[in-house]
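Remarks on the structure that follows.
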Amino acid sequence: MATAAQLRQEFQQYLDQKGCRYTVVDESDNIVRIGFAASSHMEDGGHRTRIYVDFDEEPDVDGIPCVHFVAQDFASCTAENVPAVLVKLNELNKRFRWAKFWLDQSDNTISCDGDAMIFEGSVGSECWRFVIHVSNIVEKGFIELGSLVKDNLADDGGNGGPSQSELLAMLEALRGMLGQQ
């Protein structure tokens, strides 16, 4: 049975062959990030989406490797909009069975994630299809959430790199680590 690192590498080879840009976020945890702009009819040309592909270290109970796909903190809402956002997320979760939306009430950010079982030898195409599927669900969700939310990735310049809010969070984490020394 292949390790999580081997499965990640198989996925990377597939992405390389397709000419897709990606970032290995954490080699030891086998996490790959794929960022791109969706093709909605929004004024700015579409919601930017980042899908993190996390190859689980432990297989599921049947011994089949699993992978976790997440569009983390892709949007946020104000405290006043939380009730309406929760109702809308519930509607979205009822309609989309391959991925689920959730609100982190500690900072009112919205994420969407899903899991899939994968098989050695077809990891690339399986994961790529799921990345596209999850990104389409996120795009539809973002459009339906409309004016209730703010796009958290609009400030990344479209390059798939960290957004301003992600950079600030990283800076705060680094400050915390330096303060502990």
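Mind listing whichever residues of the stretch 117-151 are touching a residue at least 40 places away in the same chain (Cβ under 8 Å) and of a type in the set (S, T, N, Q)?
Matches in the stretch 117-151: Ser125, Ser135, Asn136.
When both residues are 6+ apart or on different chains and their Cβ atoms are under 6 Å apart, which pairs have a first residue that lies in the stretch 103-116 and is closer than 14 Å to Val70 by Cβ and in contact (Cβ under 8 Å) with a residue 12 or more places away in the chain, and a second that is small (Gly, Ala, Ser) and surrounded by fewer than 19 Cβ atoms within 10 Å (Cβ to Cβ)?
Once the first residue is closer than 14 Å to Val70 by Cβ and in contact (Cβ under 8 Å) with a residue 12 or more places away in the chain and sits in the stretch 103-116, its partners that are small (Gly, Ala, Ser) and surrounded by fewer than 19 Cβ atoms within 10 Å (Cβ to Cβ) give Thr109/Ser76.
How about the stretch 40-140: which strands (runs of 3 or more DSSP E) wholly inside it have at least 1 residues that are within 18 Å of Arg21 (Cβ to Cβ) and among the hydroxyl-bearing types (Ser, Thr, Tyr)?
48-55
Where a number appears in this text, it was derived from the coordinates with a stated rule and is not lab data. Being a predicted model, the structure only gives us computed values, none of them experimental. With ideal geometry, Cβ positions are generated from the backbone for all residues, glycine too; neighbour counts draw on all protein chains shown.
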